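Comments concern the structure below.
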Amino acid sequence: MGAVKAIIPAAGLGTRLRPLTFTRPKPVLRVANEPIIRHAIKTLQDAGIEEIGVVVSDMTRDEIQHALRNIKSPAITLINQHEQLGLGHAVLVAREWVGDSDFCVYLGDNLFEFGAQPFIQHFTKDHPDALIALVEVADPTAFGVARMDGERIVQLVEKPKVPPSNLAVAGIYCFTPRIFDILAVLKPSERGEYEITDAIQALIESGAQVTGQKVQGWWKDTGRPVDLLDANRLLLERVVPEIKGEVINSRISGRVSIPASARVVNSKIVGPVLIGENVVIEDAYIGPFTSIGRDTSIRQAEVEHSVIDAETIIENLDTRLQDCLIGVRAQVRGGRKVPRTHKLTVSDASIIELA
Ligand code: UTP
């Protein structure tokens, strides 16, 4: 047994995040100005992981590779999952790469306030056959739910009508290679996917020791658009105030980070706010929990509680933008007064709410 490795399954289709995922895979969407997958890698690095296998699809490989360029450590290997047959299958395709090491599976779209370390530490100390992160939820019926006996998980039930507890499976699992023998013979579920919960249930039935560990602090799964805003908010709570850029005739309050290449003129910014490289803010108001990607300009507009990606233009708006997710190179312009018209170029399945 060598050091613990980590797998980040990142080959899913991200359908719940459409239309954002029509053009870019979920792991490269940014929250707090960083691709989601880079937050996962940082968390694993902080937990002492030195080797990470990222499971990608044929379609997403290049973009994920690009998002991970210039990471020197931990060492990252991309592993192809040619067909998206479910999380259990995503883990199985990494079998050869894992070899006979212990490993953890970290869902690339999950965020934990205290990261992966508490789980990996407990797993390495007690060394059960599997250790699963469990989170207390108000309504467990939409999750995999654990029946417990002390620390031990004695049964896992997927989306139970009558939940045996309020402890749902969260996005980090630690395993010994024993799980691979089970995954190799697993049958697909009714929805046609190889489910990791089915594999864990079979592991329990084979007499293996499977431990549950409760998540302390907040946990966020960024599966839906509203989750991206929440994740952004939670991460921006950690912004370290730093004003290096040019700030002219403006009021900055709260925790705001402005890099040297950014410029703020005649504006008001109330943190926490994270501003990217080469951003220009002019005659604008930027409210709490907003991240602004590099090379974006915001002029004569008000924006708060939003995720604004790189190279966007937002200008001449007479209403405030709130709870918005704006993709790379998008433009939101106002300024036409009378008569009031809307001139829109809108891609498939976009949602525009004109209040
Ligand atoms: P999800 O169930 O959240 O699926 O997968 P998804 O495809 O990302 O999103 P939706 O449900 O279509 O909106 C949990 C994690 O497992 C990965 C996903 O990339 C995600 O990080 N996954 C899932 C794979 O790598 N391969 C699969 O076959 C399925």
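The values are calculated or read from the model by the stated rules, or taken from the named source; none is laboratory data. What you see is a predicted model; the values in this text were computed from it and never measured. Every residue, glycine among them, receives a Cβ derived from its backbone with ideal geometry; neighbour counts consider all protein chains shown. Surface accessibility is based on the protein's heavy atoms, side chains included, excluding ligands, DNA and RNA. Shrake-Rupley method; radii C 1.70, N 1.55, O 1.52, S 1.80 Å.
Yes/no per residue for (1) of a type outside the set (A, V, I, L, M, F, W, C); (2) open to solvent by 50 Å² or more (accessible area, probe 1.4 Å); (3) under 26 Å from residue 193 (Cα atoms); (4) away from the ligand (no atom under 16 Å from the Cβ):
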{"position": "18", "(1), (2), (3), (4)": "yes, yes, yes, no"}
{"position": "47", "(1), (2), (3), (4)": "no, no, no, yes"}
{"position": "68", "(1), (2), (3), (4)": "no, no, no, no"}
{"position": "83", "(1), (2), (3), (4)": "yes, yes, yes, no"}
{"position": "90", "(1), (2), (3), (4)": "no, no, yes, no"}
Filter result for residue 238 (under 24 Å from residue 111 (Cβ atoms), outside any loop (DSSP other than H, G, I, E, B) and more than 12 Å from the chain's Cα centre (by Cα)): no
Region 1-16 - residue that is within 6 Å of the ligand (Cβ to nearest atom) and within 27 Å of residue 122 (Cα to Cα) and, of those, least open to solvent (accessible area, probe 1.4 Å): 10
Failed condition for residue 115, given (1) under 30 Å from residue 233 (Cα atoms); (2) within 16 Å of the ligand (Cβ to nearest atom): (2)
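Rundown of residues vs (1) open to solvent by less than 30 Å² (accessible area, probe 1.4 Å); (2) within 21 Å of residue 110 (Cα to Cα), yes/no style:
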residue: 211; (1), (2): yes, yes
residue: 247; (1), (2): no, no
residue: 254; (1), (2): no, no
residue: 261; (1), (2): no, no
residue: 268; (1), (2): no, no
residue: 286; (1), (2): yes, no
residue: 290; (1), (2): yes, yes
residue: 311; (1), (2): no, no
Answer from 205, 246 - the residue that is of a type outside the set (A, V, I, L, M, F, W, C) and more than 30 Å from residue 179 (Cβ to Cβ): 246
Residue list for region 166-193, restricted to those being free of Cβ contacts under 8 Å to residues at least 40 places away in the same chain, surrounded by 15 or more Cβ atoms within 10 Å (Cβ to Cβ) and more than 12 Å from residue 206 (Cβ to Cβ): 166, 168, 169
Qualifying positions in region 32-81 - under 17 Å from residue 9 (Cβ atoms), without any contact (Cβ under 8 Å) to a residue 24 or more places away in the chain and among the charged types (D, E, K, R): 61
Count of residues meeting criterion [of a type outside the set (Asp, Glu), at pLDDT below 95 and not in a loop (DSSP other than H, G, I, E, B)] in region 157-167: 1
Residue in region 48-64 that is on the phi > 0 side of the Ramachandran plot and more than 18 Å from the chain's Cα centre (by Cα) present: yes
Residue within region 50-57 that is within 15 Å of the ligand (Cβ to nearest atom) and out of contact with any Leu (no Cβ under 9 Å at 6 or more places or on another chain) present: no
Verdict on residue 230 being within 26 Å of residue 218 (Cα to Cα), open to solvent by 30 Å² or more (accessible area, probe 1.4 Å), out of contact with any Cys (no Cβ under 7 Å at 6 or more places or on another chain) and not in a strand (DSSP E or B): yes
Unmet requirement for residue 104, which otherwise passes all of (1) within 13 Å of the ligand (Cβ to nearest atom); (2) surrounded by 22 or more Cβ atoms within 10 Å (Cβ to Cβ): (1)
Members of region 313-327 found to be in a loop (DSSP other than H, G, I, E, B) and either surrounded by fewer than 17 Cβ atoms within 10 Å (Cβ to Cβ) or in contact with a strand residue (DSSP E or B) (Cβ under 6 Å, 6 or more places away or on another chain) (or both), listed by number: 316, 318, 319, 320, 323
Odd one out for residue 79 among (1) within 12 Å of the ligand (Cβ to nearest atom); (2) at pLDDT 95 or above; (3) outside any helix (DSSP H, G or I); (4) under 22 Å from residue 221 (Cα atoms): (4)
Residue check, residue 38 more than 11 Å from the ligand (Cβ to nearest atom) and either assigned to a loop (DSSP other than H, G, I, E, B) or open to solvent by 10 Å² or more (accessible area, probe 1.4 Å) (or both): yes
